[in-house]
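Taken together, the values in this text are just the output of simple stated rules run on the coordinates, not laboratory data. All figures in this text were calculated on a predicted structure; none of them were measured in a lab. Because the Cβ atoms are built from the backbone with ideal geometry, glycine has one as well, and the counts that use them run over all protein chains shown.
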Amino acid sequence: MGNLRAKDLSRIGYTNDVARSLVINTISKHFKHHSKEVLIQIFTQLIQKPEQYATDETLGKIAGLFIEQVPEVKHQSFSLLEETGVLKVYGAKVVTPDTRRQMEVAMSLPVAIQGALMPDAHIGYGLPIGGVLATDNAVIPYAVGVDIGCRMALTITDAPATCLKSQRFQLKKALEEYTHFGMDGGLDFYQEHPVLDHVLFRETELLRKLHPKAVRQIGTSGGGNHFVEFGIAELEDEQIFGLPGGCYLALLSHSGSRGLGANIARHFTAIAINTCKLPKHAQPLAWLDLRSDAGAEYWESMNLAGDYARACHERIHANVLKAAGLKALKTIDNHHNFAWKEKLADGKEVIVHRKGATPAHNGELGIIPGSMTAPAFIVSGKGEELSLFSASHGAGRMMSRRQAKESMTVSAMKKRLAAENVTLIGGSVEENPDAYKDIRQVMSAQESLVEVIGRFYPKIVRMHKE
C-alpha cells in the first residue's frame, strides 16, 4: 500500500481503530498498486459520502461504519391544547402574523409551559427563528435547531483600531488562509482540541461514526450567514471588560457545530417524530422525554455538539490571530441555538429552548450581530423572566434567500460595501444588508431585555461563496 499509514488515515478522519484496520486490510487486498494520493482521494470521498458506497462489494463494509441508522421505536399520539401558557412578543410591529401563528402552535404542545418571541423572529422549521420555549421535562430537537450550538464569539485584541488601515492586507490574508467555509473539506493542516477526545465519541454508535467528520471540520465554518470578520470594537464599560474604554481591533465569528450537530439533529428528530405523533402541522415539534433513553442520549449529544461548536470558534480565533500576529485580551461568546435546564421564578425547573435567541440572564454578556454593514451589539442581560431570560440573536431576516438574491445585483452590493468601507471575501447577494431587519430597530424593541455596553463595526468580512 505504498507509504499510506495509520496516521495518514487519522488525518482524513479514520480515527477509530476498527475503521483503520479495515481500511488497511482492504488496501492490501484490493488497492496495493494505487498511489498514496489516489488512496487518500478514494477514502476521503468514502468518509464524506458513505451512502454512495453502501452497495460497493469492496468498500461497502467500510461505508457501513459511517452510515447512520435510525432504530425502529414504538410511538405515542398526542393532541394539542386549546388553552396555552403565556406567550410574550417583543417588537410585535416587526414580527409577522405567520411567525406568531407558528409560535402559537408550539405553545399548544402539551409539554409547553411558557414562550417568547424576540424582535428578530421570523418563520423557521418547527419553532420560529427567534423563538424561545420552556417545556416540562421534554426536549424538542427542532426547537434547538439543526445547527446545534450555533454561536457568537468576539475577541478583543491587543491592537488599536488603526491597524485596520495599516495592516489591512495582512488581516485579509489571515482570514483567507486560516478559515474554511462550506459543507465539505476542512483546513489543510491537522488540528487538536480536547473536545475531540471526549468520552462520548466512544459511547454511542452515532457519535463514533460522526467523530471522523468532527476531526476533519474542527476550526471551520458553515455556509449561509456564518462569518469570520475583523472590525472595530468600541467598549463603553471599563469595569465589565477590565480594559480601558475606547476602540480596539477585534475578531468576530458566527458559526455552529458543523456536520456533527446537523447529523445529531437529524438522527434524534427522526426518533422524536417516530415516537411522538402529533397533528401534521405540529409534527416538526415532536419531543423526546428526558426520562427516556433517547431523550437522555440526545441531551448528552446536544451538549457535546455545543462544546464542539465552542471549540471550533476557539480554533478559528487562535488560527487567525496567530497568522495576523495578534494577541487576545478578552473573549465574549454565547450560544443562540441550544436548550438549557433553568428555573422559573416559582422554582419550577424547565427546559428552555432558544432557537435563534441570546441568553440574557441578569449580567450575562452576549453579542447580537447586525449585518455586514451594520454593527453588532455587545450586551449585558437584564434577567427579564417574561422573555425567558432571552434577547434576539441578530437583526433577523426580512427577505428569503431567493428574495434577497433577486433584490440586489452583485455590482450594487459591491458599491454598497465600498461606501461603508467594508471588504468582503466570498459571500453572496443572498446575505446582502437589505435582506435583514434594521438592527437598531430590533435593539430598540428589546431595551427591557439587554443593556448595550459596546459595539462592533465589521470591516473585513469572510463568508461562504454560495
With only helices counted (DSSP H, runs n ≥ 4, each -39500 (n - 2.57)), the per-residue ellipticity at 222 nm for the chain, to the nearest 500, works out to -10000 deg cm²/dmol
Under 20 Å Cα to Cα from LYS172, which aspartates and glutamates show up? Leave out anything in the same chain fewer than 8 places away. ASP158, ASP188, GLU229, GLU314, GLU420, GLU431, GLU466
Percentage of Cα-Cα pair distances in region 47-195 greater than 21 Å, rounded to whole percent? 69
List every residue whose amide H lies under 5 Å from the amide H of THR358, counting only residues 5 or more places away in sequence or on a different chain, with H placed 1.01 Å from N in the peptide plane. ALA391, SER392, HIS393
Regarding region 323-466, what is the average projected area of its C-alpha convex hull, in nm²? 10.4
If I stretch the segment between ARG101 and GLU176 completely, what's the gain in nm (0.36 nm per residue apart, minus their alpha carbon distance), one decimal? 22.8 nm
Describe numerically, in nm with one decimal, the distance between label points set 7 Å from Cα along Cα→Cβ at PHE169 and at ASP188. 2.1
How big is the C-alpha Rg of the chain next to the rule-of-thumb value 2.2 N^0.38 Å, as a ratio? 1.01
At 7 Å along the Cα-to-beta-carbon direction for both LYS277 and ASP17, put a label point, then send me their distance in nm to one decimal. 4.5
Simple label model, 7 Å out from Cα along Cβ direction - ARG5 to ALA419, nm: 5.9
Counting Lys and Arg as +1 and Asp and Glu as -1, each charge on the Cβ, what is the dipole of region 6-64 about the Cα centre in debye, to the nearest 20? 200
Quick one: Debye curve from the C-alpha atoms of region 6-64, no solvent, what's log10 I(q)/I(0) at q = 0.23 Å⁻¹? -0.95
Tell me, what is the percent relative contact order of region 253-405, built from C-alpha pairs under 8 Å that lie six or more residues apart? 15
The correct pair for region 126-271, radius of gyration to one decimal and Dmax as a whole number, both in Å and from Cα atoms, is 18.6, 54
Which lysines have a Cα less than 22 Å from the Cα of LYS7, not counting those fewer than 8 places away in the same chain? LYS29, LYS32, LYS36, LYS49, LYS61, LYS209, LYS213
FRET efficiency for ARG291 and ALA270 from the Cβ-Cβ distance with R0 = 30 Å, rounded to 0.05, comes out at 0.90
Charge tally in the Cβ shell below 10 Å around LEU175, where Lys, Arg are +1 and Asp, Glu are -1, LEU175 excluded: 0
Return the FRET efficiency for the residue pair ASP438, THR26: r is the Cβ-Cβ distance, R0 is 45 Å, and the value is rounded to the nearest 0.05. 0.20
Under a Cβ-Cβ cut-off of 10 Å, what is the net charge of the residues other than GLY91 that fall near it, where Lys and Arg count +1 and Asp and Glu count -1? +1
Cα centroid separation - region 299-314 against region 328-375, whole Å: 15
The answer for GluC sites (Glu not before Pro) in region 226-279 that fall in a DSSP coil and have at most 14 neighbouring Cβ atoms within 10 Å is GLU236
Computed ³J(HN,Hα) along region 40-57: with the Karplus parameters 6.51/-1.76/1.60, θ = phi - 60°, integer Hz and x for glycine or proline, the list is 4, 5, 4, 7, 6, 4, 4, 6, 6, 9, x, 4, 6, 10, 4, 9, 5, 4
Region 1-70 and region 94-132 have their Cα centres apart by a whole-number Å value of 44
Relative contact order of the chain, pairs being alpha-carbon contacts under 8 Å that are 6 or more residues apart, as %: 20
Order by neighbour count: MET399, MET443, fewest other Cβ atoms within 10 Å first, most last. MET399, MET443
Give, to the nearest whole percent, the P(r) tail of region 324-370 beyond 11 angstrom, counting all Cα pairs. 75
